[in-house]
Amino acid sequence: MNHNDSSIDQLLENVYKKLKLKRYLIVLDDIWSIEAWDLVRRSFPDDENGSRIMITTRLLEVADYASNDCLPHPIPFLNVEDSWKLLCNKVFVKEDCPPQLEEIGKKMAEQCRGLPLSVVVIAGVLSNINRTCDDWKKVAENVNSNIGSTSEQCLEILALSYNYLPCNLKACFHYIGVFLKNTEIPADRLIKIWVAEGFLKTNIHKKPEQVAEECLEDLVGRSLIMVSRRRATGKIRTCRIHDLLRLLCLREGKTEKFFHVINKCDDVSSEGMEFQRRLCLYREALQNKNLSLEKGNFDSIHTILCLDERHVFLEESLRYKTISCCFQLLRVLDVQIIYFSKFPHEITQLVHLRYLACTTCTAVPASISNLLNLQTLIVISFASQISLPLDIWNLPNLRHLCPGGMYMPVPPKSQNLLCLENLQTLDSISVAASNWKEIFTAIPKVKKLVVCLQPWRSVTSNLIDSLIRLVDLEKLRIHLDISPL
């Protein structure tokens, strides 16, 4: 909360106004500091109408501070009976457990040592296998009850669920683990990266994005990730992962050489990098002046992710070392947290790129047309009144274009107007008043359209009249710039 207190204050104030005349019960999960509780409490004064706020926390000092004169209620571990009830509810929902599975099931519930997360994860495994004694016995044999500590026991049980994942879901699961702890992960971002990676199962009847959405829902159904927010359509907007499951992700990802994570304590060298495919750098690593990716043996790197909640302002030399020319096989490059004062032309030489996300204060160069394999282009722009190059129309595989409010040029008349016929997303684009018709004709399969425009009558009229050409359009958002001229 502390990085954006003003917006949270406003949100809480709006919630309080709606609830002011009613009796309410608010439940807040995982309050992690006294400061966070103070931020919430000051937005909900005591109106003496019987309302209550219930919080959970892993810190006793927070519980003592928030409880006033009442003693905090420590949540005990589940007993065997309650563990079994929870397991049955998750696996069988409203059905009864078959008698032949009851003994095996109770043993597994007991081995979870009263940890609800372990019970839920085991239930996720059992829900996806046949309800036979032999299959349940195989799961039970793998639930190791001889580990000394509770946390280790829980990790072993979580690992069991991981081991039952198909190979493509394991890869998807690994990706979720590298995102920052306790953050909401945008589903759209995950899906675009998964598609660019190419490890999803192909389906001639479904688009890759649909397959990726099903994989995300599958991980939710197995209780390996949690949905934070859903869209009005029911699709997942953001998700998050439990701390222990994230720890499992990082552990298994390192063991399988799926991701090499670099933090402030790591020494970047060629040792152990020969078979790495993916590189993840956190903020502390990027700001380390000793960081030099030129020392490593990164010939096999296909993916670079730079992750943080805020932008990183680096020295000029470090910015370009981050995208050194040694990464010739890159497919995914997500460096949007790094502020580039000038768009790095070196990127346009990475001809295998399928996914590119960056932040810049200058225009995208015409050499972007070198990236013929590019599927996703995301540009966070700090500049205004600049246009994408005309060469943007020469990217036949482009599926998602998010140019941060830049102007979209009219497609050249000398070429086939359907040169972006695979484009599904056009997000945050500006267009001159008379050009909507030509542009929409050249992107007939767009499903999501977000436009930025001045509220001039002629602009709006031309836009509305031209929308009929987008027969697959599912989502339209219009941002009006009402700033004074």
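Using the Cβ of Lys201 as centre and a radius below 15 Å, the other residues enclosed give a net charge of -3, where K and R count +1 and D and E count -1. Sequentially through segment 239-248, phi angles give Karplus couplings (6.51, -1.76, 1.60; θ = phi - 60°) of 9, 8, 9, 5, 3, 5, 5, 5, 4, 5 Hz, Gly and Pro residues having no value and appearing as x. Extension gain for Asp472-Leu59 works out to 143.7 nm (0.36 nm per residue, less the C-alpha to C-alpha distance).
Name the trypsin sites (Lys or Arg not before Pro) in segment 41-93 that are in a loop by DSSP and that have at most 12 other C-beta atoms within 10 Å, would you? Walk me through the intermediate numbers first.
Details: sites: Arg41, Arg42, Arg52, Arg58, Lys85, Lys90; in loops: Arg42, Arg58.
In loop regions of segment 41-93 (DSSP not H, G, I, E or B), the sparsely surrounded trypsin sites (Lys or Arg not before Pro) are Arg42, Arg58.
If you roll a 1.4 Å probe over the heavy atoms of the protein chains, what accessible area per residue do you get for segment 164-217, in Å²? Spell out each step's value before the answer.
Working: 2270 Å² over 54 residues.
For segment 164-217, the per-residue accessible area is 42 Å².
Only protein atoms count toward the accessible area here, which uses a 1.4 Å probe; on segment 184-246, the carbon and sulfur part of that area reaches 51 percent. In the full protein context, segment 18-131 carries 67 Å² of accessible surface per residue, based on a 1.4 Å probe and ignoring ligands, DNA and RNA.
What segment 351-391 shows is 37 Å² of accessible area per residue, with the surface traced by a 1.4 Å probe over protein heavy atoms. Counting only protein heavy atoms and a probe of 1.4 Å, the accessible surface of segment 346-425 is 52% carbon and sulfur.
Accessible surface of segment 47-112, 1.4 Å probe: 54 percent of it comes from carbon and sulfur atoms. Prolate is the label for segment 87-244, because the ratio a/c of its alpha-carbon gyration tensor axes (a ≥ b ≥ c) is 1.5 or higher and a/b is greater than b/c.
Less than 14 Å Cβ to Cβ from Val120, Lys/Arg counted +1 and Asp/Glu -1: what total charge do the surrounding residues give? The partial results should precede the final answer.
Values: positive: Lys85, Lys90, Arg113, Arg222; negative: Asp82.
With Lys, Arg at +1 and Asp, Glu at -1, the neighbours total +3.
Report the FRET efficiency, 1/(1 + (r/R0)^6), for Ser127 and Ala432, where r is their Cβ-Cβ distance and R0 is 41 Å, rounded to 0.05. Could the numbers behind the result be given before it?
On the way: r = 54 Å, r/R0 = 1.32.
Plugging the Cβ-Cβ distance into 1/(1 + (r/R0)^6) gives 0.15.
As a calculated quantity, the FRET efficiency between Ser51 and Ser228 at R0 = 30 Å, using C-beta atoms, amounts to about 0.75.
Amide H to amide H, which residues 5 or more places from Arg237 or on other chains are under 5 Å from it, using H placed in the peptide plane? Correct list: Arg229, Arg230, Arg231.
The values are calculated or read from the model by the stated rules, or taken from the named source; none is laboratory data. Remember, predicted model here, so these are calculated numbers, not experimental data. With ideal geometry, Cβ positions are generated from the backbone for all residues, glycine too; neighbour counts draw on all protein chains shown. Only protein heavy atoms, including side chains, enter the accessible area calculation; ligands, DNA and RNA are left aside. Shrake-Rupley method; radii C 1.70, N 1.55, O 1.52, S 1.80 Å.
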